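The values are calculated or read from the model by the stated rules, or taken from the named source; none is laboratory data. Just so it is clear, the structure is predicted and the values come from calculations on it, not from any experiment. Please note: Cβ atoms are built from the backbone with ideal geometry, for glycine as well, and neighbour counts cover all protein chains shown.
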Amino acid sequence: MSFYTPGIEMVDPALTVTKLGVVLARNGERHRVLDEISFAVTPGEILAVVGESGAGKSTLGAAIQGLLPNDSAPEVSGSIQLAGMEIVDSPPQLLRSARRSLVRAVPQDPMGALNPTMTIRRQLHESADGDEALILDSLRRTGLSDESRIAGAYPHRLSGGERQRVLIAMAMMARPKLLIADEPTTALDVTTQAHLLQIICNLAREEQIAIIYITHDLNVAAAVADRVMVLFGGRMAEIGTLRQVARSPQHPYSASLFAARYDLNTDRSRPLPTQRAAFSRNETSDHGCGYVLHCQIARTDCTSIRPRERHARAHSGLVACHRSDETPLPILPVAASREAWAGEEATDGPVALELVDVHKHFPADRQRVWERPRLIRALSGVNLSISLGQSVAVVGESGSGKSTLLTIAAGLMAADSGRVSCLDPRPQVIFQDPVSALTPWLSIGDQIGERLRPHVTSAAERRRRVGEALQSVGLDPSLMHVLPSELSVGQCQRAVVARAVVVPPKLLLCDEPISAMDVPLAAATLNLLNDLRRRLGLAMLFVTHDLAAARIIADRIVVLNKGAVVEEFEADMLQSPSRSAVTRALIEACPSLDAMLAR
């Protein structure tokens, strides 16, 4: 997949950020979330901001809009010049004016940005000055062919991709100088993602809008960005053209980030390369490099002298590293283990899950109460079988029936017809959002130990088993005493996995468990699930829109389209020429950094 990349001309920047610092209050403590960030974005340019969770990407977007949360008592220093207007310390009325005319945002969750009580037409009315033709034309330009239906609908009646396009249409009508896209395609399937990325590229090319694209997916960044800025611990590690930084990263963190990514050609016979540990807020100070505890080439002055941005040796951008001029890069990240997976793949074990000719329909929303209700086909004659020790990934576009299939397999919904057999009376489910899956007022140990109560009566034995479960997923047993709010997203996901396997299930159901994760965390989670599946001999159903993840985690891949199974094949055969047109379309829609570098 390729997108137009406009040339960067020497014109006045649409946005200039100078030594931006942000301090926020969290859990009674003050944390420096951004630390002297400086960069500029010109009209028509797309700057990708990448880095792991906690790097400060979303805080940067909120600071530019003047939307830092008041309950965190933000302290902002430095300067943010947006089309000549200073954002830092501006009065609220000026910030509101800037958000109307100078900067617009497309967030990760479009439902939260739209008013659920108003039709799309009413929500676009202000930006269009009541011009009905402009409303319909703007919706049409974002690729929405049924613009009249979209305009008259409420947000809950639209798909995620349709809601994102509505927000883009709203931004287009305001003709802002800057658009901030904060993970806008994270929860979307690859074909919808490809359409939205094309629209964003067209906005930069045709409307000359400067765009900041915040993402954890380096392949997505490669599809849209002219330049890339790598953040770590609230500091800029490196900035330059994406092609140059990807080919010759000059900061050890940039090198490890690009090396940890996976795609359709990644070796699936061994664990993915991962970083040693996730970033901790306690690691940084005003002195020294924030990456020093993870760096393989650190020296004494790295702990005592903060590196300042300087011109990179191998590309035209900037890098903040003491040793970038003297050390050959790239540097591979520390791997948990690069040996091949231990154990043999299961072939003819007992069947853990079997679906035979399963059908499921849902009633569609009626526009008028007197209309006869119609049915939407969610699943149509689905057959699926998973043996113990095997993993099957289910892929397809949004609305293809993936989540419905998983919900029926979990016993949370009954099929209209067909047979569903599960060897495990209580299969465990790992959801997309691990934070929401944990009870906020119970400690991690209490939530994991709850599954042990029918099996273990002794409190001491439960604590021992909980500690072993935490260790099995790479967490310190001492974390059993903390609340979910004290853990990172990655730690919460591992705690959810520990809860699922503390009493080893026969069937583990995973619903998009890595879609919102950064590259190192997603790689670590895939490694963890693969390892547990082999060690415990459990069956796994893995629902995802990420074909690369499906190929890595699964023995077999099932492709759904409009509720029906299109084809099923061995994971190694994903890119075989014999694949169906539906599967080929999914593969072609996948963004690829390697493909961009090869051009």
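Listed values, structure above:
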item	result
Check on Thr42, at pLDDT 90 or above, more than 15 Å from Met236 (Cβ to Cβ), among the hydroxyl-bearing types (Ser, Thr, Tyr) and surrounded by fewer than 21 Cβ atoms within 10 Å (Cβ to Cβ)	yes
In the range 21-39, residue surrounded by the most Cβ atoms within 10 Å (Cβ to Cβ) [restricted to those that are within 12 Å of Ser79 (Cα to Cα) and either at pLDDT below 80 or out of contact with any Ser or Thr (no Cβ under 7 Å at 6 or more places or on another chain) (or both)]	Ile37
Selected residue [in contact (Cβ under 8 Å) with a residue 40 or more places away in the chain and either within 15 Å of the chain's Cα centre (by Cα) or under 20 Å from Asp35 (Cα atoms) (or both)] from Leu188, Leu272	Leu188
Unmet criterion (only one of (1) in contact (Cβ under 8 Å) with a residue 60 or more places away in the chain; (2) farther than 17 Å from Leu438 by Cα) for Leu536	(1)
Every pair of residues 6+ apart whose Cβ atoms lie under 7 Å, when the first sits in the range 158-169 and is surrounded by fewer than 24 Cβ atoms within 10 Å (Cβ to Cβ) and among the hydroxyl-bearing types (Ser, Thr, Tyr) while the second is assigned to a helix (DSSP H, G or I) and modelled with pLDDT under 80	none
Filtered residues of the range 489-534 (kept if charged (D, E, K, R) and either under 30 Å from Pro184 (Cβ atoms) or touching a helix residue (DSSP H, G or I) at 6+ places or on another chain (Cβ under 8 Å) (or both))	Arg494, Arg499, Asp511, Glu512, Asp518
Count of residues meeting criterion [in a loop (DSSP other than H, G, I, E, B) and crowded, with 20+ Cβ neighbours inside 10 Å] in the range 556-591	4
Lone unmet requirement of (1) closer than 25 Å to Tyr253 by Cβ; (2) crowded, with 24+ Cβ neighbours inside 10 Å; (3) among the aliphatic types (A, V, I, L, M) for Ala498	(1)
Unmet requirement for Ser485, which otherwise passes all of (1) more than 24 Å from His545 (Cα to Cα); (2) surrounded by 19 or more Cβ atoms within 10 Å (Cβ to Cβ)	(2)
Leading residue by the ranking (farthest from Pro520 (Cα to Cα)) among those in the range 474-488 that are in contact with a helix residue (DSSP H, G or I) (Cβ under 9 Å, 6 or more places away or on another chain) and in a helix (DSSP H, G or I)	His481
Which listed residue, of Arg308, Arg281, Arg261, Arg299, is over 27 Å from Ile514 (Cα atoms) and at pLDDT below 85	Arg299
Elements of type helices (runs of 4 or more DSSP H) in the range 489-553, at least 2 residues being among the basic types (Lys, Arg)	489-501, 519-536
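Residues are listed down the side, and each one gets a yes or a no for (1) in a helix (DSSP H, G or I); (2) surrounded by fewer than 18 Cβ atoms within 10 Å (Cβ to Cβ); (3) without any contact (Cβ under 8 Å) to a residue 24 or more places away in the chain:
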{"residue": "Gly61", "(1), (2), (3)": "yes, no, no"}
{"residue": "Ile64", "(1), (2), (3)": "yes, no, no"}
{"residue": "Gly78", "(1), (2), (3)": "no, yes, no"}
{"residue": "Gln81", "(1), (2), (3)": "no, yes, no"}
{"residue": "Ser90", "(1), (2), (3)": "no, yes, no"}
{"residue": "Gln93", "(1), (2), (3)": "yes, yes, yes"}
{"residue": "Ser97", "(1), (2), (3)": "yes, yes, yes"}
{"residue": "Met111", "(1), (2), (3)": "yes, yes, no"}
